[in-house]
Amino acid sequence: QVQLVESGGGLVQAGGSLRLSCVASITILRMNAMGWYRQAPGKQRELVATVTEIGTTNYADSVKDRFTISRDIAKNAVSLQMNSLKPEETGVYYCTGGFGGRDYWGQGTQVTVSS
């Protein structure tokens, strides 16, 4: 069993930045690919960024060059640095990761970008 807890969400003006954190209950080294999804009101959940067990990162086209996903092994954490935020990126951001052949999800953290 794996628990994932997100934090760092909040209110920011368009063009501003936020850094989200996801802390796992086990070492990140035992996880498969980890990532961040987001869900805007009335829309489907979409992939934002992922990092594999060997450190390879991938991003949705809409966030490339603005967002950065990274791992902090000592803290059992995965972070998402978000720069130049846009109002349409408002939503609940979820951390996810694979372990033992199944996916785990955090409870989400709210990000609100004002225009």
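The values are calculated or read from the model by the stated rules, or taken from the named source; none is laboratory data. Since the model is a prediction, treat every value here as computed from it, not as a measurement. Ideal geometry is used to build each Cβ from the backbone, glycine not excepted, and the neighbour counts take in all protein chains shown. When the accessible area is computed, the model is the full protein with side chains, heavy atoms only, and any ligands, DNA or RNA have been set aside. Shrake-Rupley method; radii C 1.70, N 1.55, O 1.52, S 1.80 Å.
Some observations on this one:
- Estimated FRET transfer efficiency when R0 is 22 angstrom, pair Q81-L47 (beta carbons, to 0.05): 0.85
- Cα-based Kirkwood hydrodynamic radius, the chain, one decimal, Å: 14.0 Å
- Solvent exposure of the chain, expressed per residue, is 53 Å² of accessible area, with all protein chains present and a 1.4 angstrom probe.
- The relative contact order of the chain comes to 37 percent, based on Cα pairs under 8 Å that sit 6 or more residues apart.
- 3J(HN,Hα) couplings calculated from phi for the stretch 87-95 with the Karplus curve 6.51 cos²θ - 1.76 cosθ + 1.60 (θ = phi - 60°) are, in sequence order, x, 5, 8, 4, x, 8, 9, 10, 8 Hz; Gly and Pro show x.
- Potential extension, A40-D65 segment - 0.36 nm per residue separation minus Cα distance: 6.9 nm
- Within straight-line reach of K75, meaning a Cα separation under 19 Å, sit the following aspartates and glutamates at least 8 residues removed in sequence or on another chain: E6, E53.
- Surface share of carbon and sulfur [accessible, 1.4 angstrom probe, percent] for the chain: 48 percent
- Under Karplus coefficients 6.51, -1.76 and 1.60, residue-wise ³J(HN,Hα) of the stretch 5-20 in Hz, glycine/proline x: 10, 8, 7, x, x, x, 9, 9, 7, 3, x, x, 10, 9, 10, 9
- Cα-projected label distance for N32 with A74, points at 7 Å along beta-carbon direction, nm: 3.0 nm
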